[in-house]
Amino acid sequence: MNKTSKSAPVESKNDLVEYLESGCKPASQWRMGTEHEKFGYTMDDLRPLPYEGERGIRAILTALAVRFGWQPVLEEGLIIALTDESQASITLEPGGQLELSGAILDNIHQTCTEVYTHLKQVQAIAEPLDVAFLGMGFHPKWKRSEMEWMPKGRYRIMREYMDKVGTLGRDMMTRTCTIQVNLDFDSEADMVNKFRTSLALQPIATALFANSPFTDGRPNGYLSYRSRVWEDTDPDRTGMLPFVFDGDMGFEKYVDYMLDVPMYFVYRDGNYLDASGQSFRAFLDGRLPILPGEKPTLKDWEDHLTTAFPEVRLKRFLEMRGADGGPWRRICALPALWVGLLYHQDSLDAAWKIAADWTMEERLKLREDAPRLGLAAEIRGRSIHDIAREVIELARVGLNARARLNGAGDNETGFLAPLQQVIDTGLTPAERKLELYHGAWNESVDPVFFECAY
């Protein structure tokens, strides 16, 4: 098989394993890619943005392309994404959430500049339209029925399938926003160490970044309702992945997991073919009902890997997926946390030591409690607040050791400041908003659209 060709047929499971393994790179080549999503809305009535119209998503994407040189990506003649020469992209989530998938960068100084530049470009287009954008984990005001679906073929297939496997899948698609960072590994053993550590500690990030306490205009009883939504989306493709903590974890083990994740679609000739609920194992054997006799390509495998949504996801890199959307400084704080922990061996070892002897039942309980209780959630008699204080200090050590300096001679540790503030005050972003809701906001969520907009 030609390993460089994404269009060549996959001959065996080993090809899929080798695809993941091809992500290994020496530490000198480790980089990061940061992603964030945000809700757009019209300022006069706070309505979510439609796709069409002079103040719609289509108009905003078109203006970004014309004014700032982004290249449009079309589906059935409609603009659905933008790309640039750095390989960054602006894409649409199902409910019109605008996502920046950043370029592969060396340090967090570059990441923060990238995010700032992007937000300024979006603001330049949005302000004359009386449109703004908000970073939160869950839409604070509008109901599921009021969110317009974007015209992307894969979302039509996913929407119909979601109702068969959970009750909150459509909410996940249209009313949630997150921040993610993608990180490298140098070997299978390094991947496993980073996967286990980050998966075990993902509830810590969920608590630190908790920023979704409202649903339908009222408090919902959670600090990270976005995280709660994932618990009732689709059990076949979400969660804490207990097998990652098994002694035989490796690339092949993850391939086996993905082969058992039901498919959504196959992309052929510009169209998404509905393969929802079907088996990639059958596809590998040439027995996929929708394409009888045809075997998958590496591009099909790459697409399939994007349809699982665990708390940490493996592609040819690792994705940290536990954080709510938030303001600019928190977008920079997430890579600071995970780069500091995972790109410095002593910090990685110490972070794993914190969680190494937790049982799977305890890990699952912490995952369940963190969205509701935030820093107050406990494991083994220790609160997330205490654990997070230790974790942030380990990240600080790791960032100091990296010694990536900006023009002023500052290293990356300053990007941890928003998280240190959570530790020092004992208040998550969600709890700060709840205090305002019950106080100065007079039990209305509307002020969030003005006071917390980008």
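The values are calculated or read from the model by the stated rules, or taken from the named source; none is laboratory data. Model, not experiment: these values are computed from the prediction. Quick reminder, even Gly has a Cβ in these numbers, built from the backbone with ideal geometry, and neighbours come from all protein chains shown. Note: accessible area is taken over every heavy atom of the protein model, side chains too, but ligands, DNA and RNA are not part of it. Shrake-Rupley method; radii C 1.70, N 1.55, O 1.52, S 1.80 Å.
Structure above, values below:
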read-out: Global form of segment 174-252, assessed from the alpha-carbon gyration tensor, a/c cut-off 1.5; value: prolate
read-out: Under the span-like rule (Cα at least 15 Å along the axis, Kyte-Doolittle mean at least 1.0), DSSP H helices of the chain; value: 57-68, 328-342
read-out: Cα gyration tensor category, rounded, prolate or oblate, for segment 373-454 with a/c compared to 1.5; value: oblate
read-out: Candidate aspartates and glutamates for bridging to LYS295, where Cα separation is under 20 Å - those fewer than 8 sequence places away on the same chain excluded; value: GLU11, ASP15, GLU18, GLU252, ASP256, ASP260, ASP269, ASP274, ASP285, ASP303
read-out: Part-to-part distance (alpha-carbon centres) for segment 120-147 and segment 230-300, which is given in Å; value: 33 Å
read-out: Accessible carbon and sulfur surface of segment 93-156 relative to its total accessible area, %, 1.4 Å; value: 51 percent
read-out: Charged-residue dipole, Cβ positions (Lys, Arg, Asp, Glu), segment 369-454 about Cα centre, Debye nearest 20; value: 360 debye
read-out: Beta bridges by DSSP in the chain, antiparallel share as percent, to the nearest 5; value: 95 percent
read-out: Accessible area per residue in Å² at 1.4 Å probe, computed on segment 401-454; value: 51 Å²
read-out: Signed unit charges on C-beta, dipole axis of the chain, positive-most listed residue TYR116, PRO296, LEU436; value: LEU436
read-out: Positive-pole candidate from LEU241, ILE204, MET191, dipole of segment 172-247, charges at beta carbon; value: ILE204
read-out: Peptides ranked, highest mean first, by Cβ atoms within 10 Å: ranges 346-352, 231-237, 200-206; value: 200-206, 346-352, 231-237
read-out: Built amide H within the under 5 Å cut-off of GLU75, gap 5+; value: ILE80
read-out: Among PHE309, PRO335, GLY286 - extreme Cα towards positive end, dipole of segment 274-335, charges at beta-carbon; value: PRO335
read-out: Cα centre as origin, Lys/Arg/Asp/Glu Cβ charges: the chain dipole, Debye; value: 200 debye
read-out: Per residue, in Å², the accessible surface of segment 196-290 once ligands and nucleic acids are set aside, probe 1.4 Å; value: 32 Å²
read-out: Accessible surface of segment 351-425 [probe 1.4 Å, protein heavy atoms]: carbon and sulfur percent; value: 50 percent
